[in-house]
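A.B. asks: Please see the structure below; I have some questions.
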Amino acid sequence: MHKLIGMVATTVDIFNNLWSVFSTLGVIVGIVVISYMVYLIVRNRARGGAPEPEDSPKPGELPRERKGAKKLLLSVFLSASIVISLILLTFIALDNLDRPPADAMEVKVVAFQWGWKFYYPNGYEAVGELRIPRGTAVKFYVTSQDVFHNMGIIDLRFKIDAIPGKTNIGWTRVYQAGVYEIRCFELCGDGHGVMIGRLIAMEPEEFNSWYSSLQAS
């Protein structure tokens, strides 16, 4: 849980941990509810020849009020605690998404019909392909030059709107070197289906060598 609150480093970690918490609590609650339901069914099943309990409802009568409300209060308390905990964890995780590390590499992203432009800190512009060093936080400043787009990287659980005249900020960190597909998740015209880019996570030494060559050129 500490990892979810204070040490999470990527959007993948954030959403995977949230999913684990939600699904685990859901399974536990489901087991408790179903088990208690089965217990009540077995305990109150019809028994041939056995007299009915005195407090059992009779045909045409409303059930008698039973004294005490401990079970009701306990169930309300547990339910409220679970819901409030999930809400708090969600807001903490979302707050983490809004706070990129101070040393993050900054990249400007401009969406257009139908592609992506990436601007590096040194001013170099690339179209359709973004290279980043593995393990380094990357902060995106995302906008659009024409219509609404949405930049999404499924493998990184990353999505952010690209809106004309507005800059949205998001960040992520990639620990595994490789190629990640960038797609548009906003229907933006005839070429929407082919609006595909690539994010290439490189080894830091390899990236530094490549980036230095850009600065020298």
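The values are calculated or read from the model by the stated rules, or taken from the named source; none is laboratory data. Every value quoted in this text rests on a predicted model; they were computed, and no experiment measured them. No Cβ is skipped: glycine too gets one built from the backbone with ideal geometry, and neighbour counts run over all protein chains shown.
A.B. asks: Do you know which residues across the stretch 105-136 are more than 25 Å from the chain's Cα centre (by Cα), of a type in the set (D, E, K, R) and not in a strand (DSSP E or B)?
C.D. replies: none
A.B. asks: Determine which member of the set I196, I163, I169, I154 is crowded, with 16+ Cβ neighbours inside 10 Å and either of a type outside the set (G, A, S) or closer than 29 Å to N96 by Cβ (or both).
C.D. replies: Values: I196 fails: crowded, with 16+ Cβ neighbours inside 10 Å; I169 fails: crowded, with 16+ Cβ neighbours inside 10 Å; I154 fails: crowded, with 16+ Cβ neighbours inside 10 Å.
None of the other options fit; the residue is I163.
A.B. asks: Separate question: Can you give me the number of residues within the stretch 107-126 that are out of contact with any Phe, Trp or Tyr (no Cβ under 7 Å at 6 or more places or on another chain) and farther than 17 Å from N150 by Cβ? I'd like the intermediate steps shown before the answer.
C.D. replies: Of all residues in the stretch 107-126, those out of contact with any Phe, Trp or Tyr (no Cβ under 7 Å at 6 or more places or on another chain) come to 110-124.
This time we only want the ones that are farther than 17 Å from N150 by Cβ, so: 119-124.
Of the residues in the stretch 107-126, 6 are out of contact with any Phe, Trp or Tyr (no Cβ under 7 Å at 6 or more places or on another chain) and farther than 17 Å from N150 by Cβ.
A.B. asks: Looking only at residues that are aliphatic (A, V, I, L, M) and at pLDDT 95 or above in the stretch 173-189, which one is farthest from R157 (Cα to Cα)? Walk me through how you get there before you give the answer.
C.D. replies: From the stretch 173-189, those aliphatic (A, V, I, L, M) are 174, 177, 179, 182, 187; that's our starting set.
Those still in the list that are at pLDDT 95 or above too: 179, 182.
Numbers: V179: 15, I182: 11 Å.
Filtering the stretch 173-189 for residues that are aliphatic (A, V, I, L, M) and at pLDDT 95 or above, the one farthest from R157 (Cα to Cα) comes out as V179.
A.B. asks: Same structure, new question: Among the residues of the stretch 171-191, how many are touching an Asp or Glu at 6+ places or on another chain (Cβ under 8 Å) and outside any loop (DSSP other than H, G, I, E, B)?
C.D. replies: 2
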